[in-house]
1. What span do the alpha-carbon atoms of the stretch 111-163 cover on each of the three principal axes, reported in whole Å from largest to smallest?
2. What nm value, rounded to one decimal, do you get for the distance between residue 150 and residue 64 when each label is placed 7 Å out toward the C-beta?
3. I'd like the Karplus ³J(HN,Hα) series for the stretch 70-83: coefficients 6.51, -1.76, 1.60, θ = phi - 60°, whole numbers in Hz, and an x wherever there's a Gly or Pro.
4. Mind pulling up the Rg/Rh value for the stretch 26-137? Radius of gyration and Kirkwood radius, both on Cα.
5. For 82, 33, write out the residues from largest to smallest accessible area, computed with a 1.4 angstrom probe and no ligands counted.
6. With 10 Å bins from zero, work out the P(r) of the stretch 60-106 over every alpha carbon pair and list the percent per bin.
7. Show me the trypsin sites (Lys or Arg not before Pro) within the stretch 34-90 that DSSP assigns to loop and that have at most 13 other Cβ atoms within 10 Å of their Cβ.
8. Across the stretch 135-150, in residue order, what do the Karplus-derived ³J(HN,Hα) couplings come to in whole Hz, using 6.51 cos²θ - 1.76 cosθ + 1.60 with θ = phi - 60° and x for Gly and Pro?
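The values are calculated or read from the model by the stated rules, or taken from the named source; none is laboratory data. Only a predicted model underlies this, so the values are computations on that prediction, with no experimental measurement involved. We place every Cβ from the backbone using ideal geometry, glycine too, and count neighbours over all the protein chains shown. Side chains are part of the model used for accessible areas, which takes the heavy atoms of the whole protein and leaves out ligands, DNA and RNA. Shrake-Rupley method; radii C 1.70, N 1.55, O 1.52, S 1.80 Å.
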Amino acid sequence: MLRHLVTGGRSSAVSSKLSTFSCFNDLIRRRSHLQVGDSAEIAKTFTQNDVNLFSELTGDTNPLHLDENFAKNTRFGKPVVHGVLLNGLVSAVLGTKLLGDGCVLLSQDIRFPAPLHAGEEVVARAQVKALKKSLAFISVSCVAADGGRTVMEGTVKVLIPGLPTVGDFV
């Protein structure tokens, strides 16, 4: 089960009388809902069954994720949740809470400073750091709820849904 939280920055209303060009009005109205500082989060607990299913779907059968005997002899001590599952949770925050339907992840720079184990609740967070034309630059992280251990962090560049992507708007 997912738990959601969304927080917003200041809101501003924009009158359609600001410009005679409707495309600029649409751009201004669409951007006005998204502000630097806006953030959202989702919490989830990945089960070992989730990890097993992901392994089946992708073919990633690395025993570090699936075999307790193998994993106990590694630096992690027990099986580790696939990092891509954490990345997917960040994608869920972006596509369902912060930016919404139609957002497109263009690039990312992420790190995994600590492991997440099945059964641990993790909170995926995203916060808008900068806006430039039709792009949002967003700080992302996943933090284990018990103990506050950061298990993923980084930045992403996202195409804001519904904005023009040609010429001067990109």
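1. Ordered largest first, the stretch 111-163 gives principal extents of 39, 18, 13 Å.
2. About 2.0 nm separates the two model spin labels.
3. 5, 5, 5, 9, 9, 4, 8, x, 7, x, 10, 5, 3, x
4. 1.07
5. Values: 82 5, 33 90 Å².
Sorted descending by solvent-accessible area, the residues read 33, 82.
6. Result, from short to long distances: 26, 32, 20, 20, 2 percent.
7. 72, 75
8. Working through the residues one at a time gives 10, 10, 10, 10, 7, 10, 7, 10, 10, 5, 4, 8, x, x, 6, 6 Hz.
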